[in-house]
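Quick notes on the structure that follows.
The values are calculated or read from the model by the stated rules, or taken from the named source; none is laboratory data. None of these values were measured; they are calculated from a predicted model. Reconstructed Cβ throughout: ideal geometry from the backbone, glycine too, with neighbour counts over all protein chains shown.
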Amino acid sequence: MDYFKTNQQAWEEAFANRRAGWGDDLVQRLTTERLPYLNSQLRQALPALELDGKVIAQFCCNNGREILSAMQLGAAAGVGFDIAENMIKSAREAAQKAGLPCRFEACNILTIGSKYTAAFDLVFFTIGAITWFQDLQALFAVAARCLKAGGTLLINDFHPFVNMLPLPGEAAFDSAFPDRVAYSYFRTEPWLETNGADYMTAHINSHTFTSFSHTMGGIVNAVIAAGLRIVSLDEYAVDIGMTDAYDGKGFPLSYTLLAAKPTD
């Protein structure tokens, strides 16, 4: 399935039709606020990595808001990668205006070139990023190649358990029974949507978003297969961007995984 091209088209269409004002305050917030686009989990995890003077990268960086926020932690340089060319153009403009030493490249993450081999002290993914890849072993192999020896992979995402839960507005959601799961944890067929970027736009796409579910075991095993060592895995009962309908119900809703590239 060649879903990368259609996903690129879908993201570029969604960004071109974003809500009026969406992202327009990016530079203003970066220059007046501390870590403005990082959630509470990232605000805890990233400073602990002591990024001062280091080189960092975000895979699937959207319009750059998260890596540009992370640059405030003293990184010497950063690179954001995303498949959508118009998002990358917007991110470049924001970095220049905010005076942050961060570059951006438009590409399929799986095709990141050899010039970035062993280039980064940190590679990180945020919410929803890994769902755009069917083969996690291939994805994390690229991340591992791009890390320096001793470098860190960080994933902060919604928990795979969330894939079992219907979101408000979906046909399977029943407000009378909000704790009822609706989908298989082991789903293998892709999710196909035309409104996969509803956080930025109400536009219904003419191009389809294709994404994939992954189990926690699948994620952990793919990280290990890439030659990385799991350092920690923290799970939370708090949603970080999907819906607050399940907060406080005892479900695992988000997680942060840290893995290290061996030094020998």
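Here ASN39 meets the list (1) touching a strand residue (DSSP E or B) at 6+ places or on another chain (Cβ under 8 Å); (2) in contact (Cβ under 8 Å) with a residue 40 or more places away in the chain; (3) under 26 Å from ALA118 (Cα atoms) almost entirely, failing just condition (3).
Within the stretch 223-243, no residue that is without any contact (Cβ under 8 Å) to a residue 12 or more places away in the chain sits with its Cβ atom under 7 Å from a residue that is surrounded by 14 or more Cβ atoms within 10 Å (Cβ to Cβ) and small (Gly, Ala, Ser) at 6+ positions apart or across chains.
When the stretch 209-242 is filtered for residues that are surrounded by fewer than 17 Cβ atoms within 10 Å (Cβ to Cβ) and closer than 30 Å to ALA16 by Cβ, only GLY241 remains. For the stretch 125-168, residues that are of a type in the set (Asp, Glu) and either under 16 Å from ILE67 (Cβ atoms) or crowded, with 20+ Cβ neighbours inside 10 Å (or both) total 1.
How many residues, within the stretch 24-35, are part of a helix (DSSP H, G or I) and without any contact (Cβ under 8 Å) to a residue 60 or more places away in the chain?
Qualifying residue count, the stretch 24-35: 3.
Screening VAL223, VAL238, VAL162 for residues that are over 16 Å from the mean Cα position of the chain (by Cα), modelled with pLDDT of 90 or more and not polar (S, T, N, Q) leaves exactly one candidate, VAL238.
Checked against the criterion of being within 22 Å of VAL142 (Cα to Cα) and of a type outside the set (Ser, Thr, Tyr), the candidates ALA14, ALA57, ALA10, ALA94 yield just one match: ALA57. Taken over the stretch 12-23, the criterion of being out of contact with any Asp or Glu (no Cβ under 8 Å at 6 or more places or on another chain) and not in a loop (DSSP other than H, G, I, E, B) is satisfied by GLU13, ALA14, PHE15, ALA16. The residues listed here are LEU38, LEU42, LEU26, LEU30; of these, the one that is touching an Asp or Glu at 6+ places or on another chain (Cβ under 7 Å), modelled with pLDDT of 95 or more, more than 13 Å from ASN195 (Cα to Cα) and not hydroxyl-bearing (Ser, Thr, Tyr) is LEU38.
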